1. Please give the per residue accessible area of region 94-163, computed with a probe of 1.4 Å over protein heavy atoms only, in Å².
2. Subtract the Cα-Cα distance of Asp84 and Arg146 from 0.36 nm times their separation in residues, and report this length gain in nm to one decimal.
3. Along the Cα-to-C-beta direction of Arg99, a point sits 7 Å from the Cα; which residues of region 129-162 have their amide N less than 13 Å from that point?
4. Where the centre of each part is set by its Cα atoms, how far does region 118-176 sit from region 43-104, in angstrom?
5. Which value, in debye to the nearest 20, gives the size of the charge dipole of region 65-196 about its Cα centre, when Lys and Arg are +1 and Asp and Glu are -1 at the Cβ?
6. Mind grabbing the accessible area of Glu150 for me, 1.4 Å probe, Å², rounded to tens?
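The values are calculated or read from the model by the stated rules, or taken from the named source; none is laboratory data. Every value quoted in this text rests on a predicted model; they were computed, and no experiment measured them. Cβ sites come from the backbone with ideal geometry, for glycine too, and all protein chains shown count toward neighbours. For the accessible areas, the whole protein counts, side chains as well, though only heavy atoms, and no ligand, DNA or RNA atoms are used. Shrake-Rupley method; radii C 1.70, N 1.55, O 1.52, S 1.80 Å.
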Amino acid sequence: MQADNGRVNSTTWLGLAGIGGTLLGTGVGAFGALGAARITSRAQTGVEEQKARRQAYNACAAALLVRRNAVDALLEVFRGDDFDQAVVQARIEDIAEQRAVVARAVGAVMVEGPDDVAHRGETAARAIEMLSGRLRDWAFEVGDGRDREELLRSQLQFALRDQSEVEQFVDVFTARCRKALRPADSEGTRRGRRRG
């Protein structure tokens, strides 16, 4: 059928409406698909970033704990009844080798952030280094002939203070890591403490 005097008949209108609906549906569908892809991409990026952060935190915490335990063991050698200069020297060398592992691990945390976690990791590493330096000095002094018992009487309180600070700084670092990885858990814990 033909349109009269330039008019479009109802079949043509229905056809045009169908085509318009198809185009609109295709556009909406494509827009929705793009939006979903964008959301999925962001979620995947977030998961990968969280995974990288978790790995950096785990490596740093492990490196700090290993070095802290090695320094604690060295302090116990000084305090023990069977002091052996060769054992002390071997432990000092082991602790010195761990310095680079800790530095790399702290560096990775500094890249991953946030700043508070990075700062806490660096603070813990410095505290361990300070205590290991004190014990290195002790080993040198004892090797040079200083009486170990006298050294412990005059210096042990400072080493024990340093040891306590190391423990505290490592604990704070691991707590900040947990908070950064699971902020909702930290909030719930904090609220629970207020109620109790």
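1. Each residue of region 94-163 exposes 54 Å² on average to a 1.4 Å probe.
2. Gain on stretching Asp84 to Arg146: 20.9 nm.
3. Counting only backbone N, you get 129-137.
4. Region 118-176 and region 43-104 have Cα centres separated by 14 Å.
5. 1100 debye
6. So the heavy atoms of Glu150 present about 70 Å² to solvent.
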